[in-house]
Amino acid sequence: MLQPLRSARTLPTESFDLFDLLREFAVALMPVSDALAAVLAGTEPLAEETVALDAAYHRVLARDVAARRTQPPEAMSAMDGYAVRAADAATIDSRLAVIGEAAAGRPFAGTVGVGEAVRIFTGGVIPDGADAVVIQEDTVADGKHIMIKEAAIPGRHIRPAGVDFREGDVLLRKGTRLTERDLALAAAMNHPQLAVCRRPRVAILATGDELVMPGTAPGRGQIVYSNGYALHALARSEGAETIDLGVAADTLEATSAGIRRARESGADILITTGGASVGDHDLVQQALKGEGISMAFWKIAIRPGKPMMHGRLGAMRVIGLPGNPVSSYVCAFLFMVPLIRALSGRSVIHHRRECAVLGRDLGANDQREDYLRARLELRGDGTLVALPVRHQDSSLLANLAAAQVLLVRAPFAPKAEAGTPCEVLRLPV
């Protein structure tokens, strides 16, 4: 059970220390790792569905996929040339009679005998009796005969049957997010359809009287709405379908109506942005609770993004993001993305941390886990250098757009000099 922050007045005067106060304050905030565990708790891949191969790009396999055929099904030529018996073409100037032709899809029906050759093209089936291919550049044609200019070697320029894969080989695993290369492999394995997990449906609801749409001239105190565009794109890039619930006014009725529309739309995830703090106009938590959503947490020890919420209403999972655009994006990247991956059935759901070194000095951190926007440089020796931008304010979208990584700093990390090892998370490109 998280304990509330004790008042500084309860601390003995002689032992009062700002660092101790920060640690005391940290007790009231859920650690990032615990918050992520709460978001992912009990997640199972969504139901499977069968889709045509040309609709399966970036979908996630719901089951293993085994080859339905052997590839290649027979030994085939890897080059244009002549199929021969290696023993007949083992010496220079050997003279062989050409008795036929084998092209891709048109095998030679006979057998290569002593002193014989078959003209063959790439992808042609190796005729019975032949055990080598002499490429055409190593022969001289003489009417119905050829002269060998490079000795044949048994098995040379031949692709054996099954060299790629054999029937029954499991080559694509459950949980794989299918690339274009995977689709080519599935097609070669003779699968016209694949069983994949249903795409998560992500409904996005913004709140705030101050928000106006891009292209509008903002009035005094208004700002142009930007969060939703990043959130929709981020969710779609992870394979989700998105539902735009628009911008709700700062009233309990409007916010609650937006939440109800999310449920009615069949959303698996509801993302709210804005109104997640504790001000008089921050109504999202009140609306969520009023709609019966059980809240797991509403403050976490993270920067940017402390006022983030999470709860559930039946099967629908809710993430309440802060309104500041950088906080909104960073929290979506850290929490929404793994949740989408888990519901999609992905085998890997967590962001991979990479090692780098600091590009400049950093001061000591406080009680919150910090995700600094940083540029990434590659030194000549292969070392990755993370250079944090100078201004880390959570409203600065230009710095977020310019960043390639988030530089992760643990709570209460001591000051660090340039060149110190650090960990980074790559942002999508």
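Where a number appears in this text, it was derived from the coordinates with a stated rule and is not lab data. Please read these numbers as outputs of a predicted model, since none were measured by experiment. Glycine also receives a Cβ, built like all others from the backbone with ideal geometry; neighbour counts cover every protein chain displayed.
Just a few scattered comments:
- Per residue, the convex hull spanned by the Cα atoms of segment 355-405 measures out at 90 cubic angstrom.
- A full extension of the chain between His350 and Ala41 corresponds to an added length of 109.9 nm, given 0.36 nm per residue minus the alpha carbon distance.
- For segment 76-159, the average shadow cast by the Cα convex hull is 4.2 nm², which is a quarter of the hull's surface.
- Within segment 372-429, trypsin sites (Lys or Arg not before Pro) in DSSP loop having at most 13 other beta-carbon neighbours inside 10 Å: Arg379, Arg390, Lys415
- Counted over segment 192-269 with a bin width of 5 Å, the fraction of Cα pairs per bin, in whole percents, is 3, 15, 20, 19, 18, 11, 6, 3, 2, 1, 0, 0.
- Approximate spin-label separation Arg181-Arg95, in nm, with each point projected 7 Å along Cα-to-Cβ: 5.0
- Between 0 and 90°, nearest 10: helix 252-264 axis offset from the chain longest Cα axis: 20
- Within the chain: Cβ-based charge dipole about Cα centre, in debye rounded to nearest 20 (Lys, Arg +1; Asp, Glu -1): 660
- Selection of GluC sites (Glu not before Pro), segment 101-189, meeting DSSP coil and at most 12 other Cβ within 10 Å: none
- DSSP-defined beta bridges in the chain - what % are antiparallel, rounded to 5: 65
- Space enclosed by the convex hull of the alpha-carbon atoms of the chain, per residue, Å³: 220
- Computed from Cα atoms, the angle from the helix 227-237 axis to the main principal axis of the chain rounds to 30 degrees.
- If you run the Gaussian network model on the chain, springs between alpha carbon atoms under 10 Å, then out of Ala374, Ala249, Ala104 the most flexible one is Ala104.
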